[in-house]
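Reading through the structure tokens given below for one structure.
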Amino acid sequence: MGHIHKILVPMDGSPPSMAALWEAVALAEDLQAAIDVLHVRAPDRFEVGSTTATAQSAAEQADRTMDEAIDSAKARLGERLSRRTDSGDPIRTILDVASSGDFDLIVMGTHGRVGRLHALVGSVAEAVVRTSVCPVLTVRRPDGAHESFSERIHGRQAIGERGRSP
């Protein structure tokens, strides 16, 4: 792995993306590599005013948590960590940045969704793995748990998940 000099870390503020950041920081420290953190803001697919206060609050909290994690990573890596925010389709934007930025590795989180939810919302990580110009390391939450849409947006377990232990 000595040939890894530049790592791209796409982040969305979710626990898997936080785990990916810390995995990338550990790699960067070991390899003296640089990290570029990419946050992609997807265009709203809903009309203005249709986003609930709960969803807006969850998004703002995720952004704050992400900002704190990036600041902490910057304290460890200094000038070897840079950050950018782009707008657009997350898959296309990640792939465009990766191909134009001469990256050696992409480290990104994955939610581990399967079944109907995966078919409905797809997987950004899966699409990046399939079409990236460079190797991709996917990272799940440190505790190995998956996170449903309900858990992420509403901060509570999905109906079918209430009996499982966290």
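The values are calculated or read from the model by the stated rules, or taken from the named source; none is laboratory data. Predicted model, so just to flag it, every value in this text is computed and none were measured. Here Cβ is always computed from backbone atoms with ideal geometry, including for glycine, and neighbour counts include all displayed protein chains.
Checked across segment 71-81, the condition of being farther than 16 Å from Glu29 by Cα and touching a residue at least 12 places away in the same chain (Cβ under 8 Å) holds for no residue.
How many residues are β-branched (Val, Ile, Thr) and either modelled with pLDDT under 90 or in contact with a Lys or Arg (Cβ under 7 Å, 6 or more places away or on another chain) (or both) when one looks only at segment 8-30? Reasoning before the result, please.
Here is the first cut: in segment 8-30, the residues β-branched (Val, Ile, Thr) are 9, 25.
If we keep only those that are either modelled with pLDDT under 90 or in contact with a Lys or Arg (Cβ under 7 Å, 6 or more places away or on another chain) (or both) as well, we get 25.
Here the count works out to 1.
Among all positions in segment 44-54, there is no residue which is closer than 23 Å to Ala127 by Cα and either among the polar types (S, T, N, Q) or touching a helix residue (DSSP H, G or I) at 6+ places or on another chain (Cβ under 7 Å) (or both).
Which one of Asp102, Asp44, Asp63, Asp36 is in contact with a strand residue (DSSP E or B) (Cβ under 9 Å, 6 or more places away or on another chain), outside any helix (DSSP H, G or I) and at pLDDT below 95? Outline the logic, then answer.
Working: Asp44 fails: in contact with a strand residue (DSSP E or B) (Cβ under 9 Å, 6 or more places away or on another chain); Asp63 fails: outside any helix (DSSP H, G or I); Asp36 fails: at pLDDT below 95.
Result: Asp102 is the single residue among Asp102, Asp44, Asp63, Asp36 that is in contact with a strand residue (DSSP E or B) (Cβ under 9 Å, 6 or more places away or on another chain), outside any helix (DSSP H, G or I) and at pLDDT below 95.
With respect to the conditions (1) more than 16 Å from the chain's Cα centre (by Cα); (2) under 29 Å from Leu81 (Cβ atoms); (3) at pLDDT below 90, His111 falls short on a single one, namely (1).
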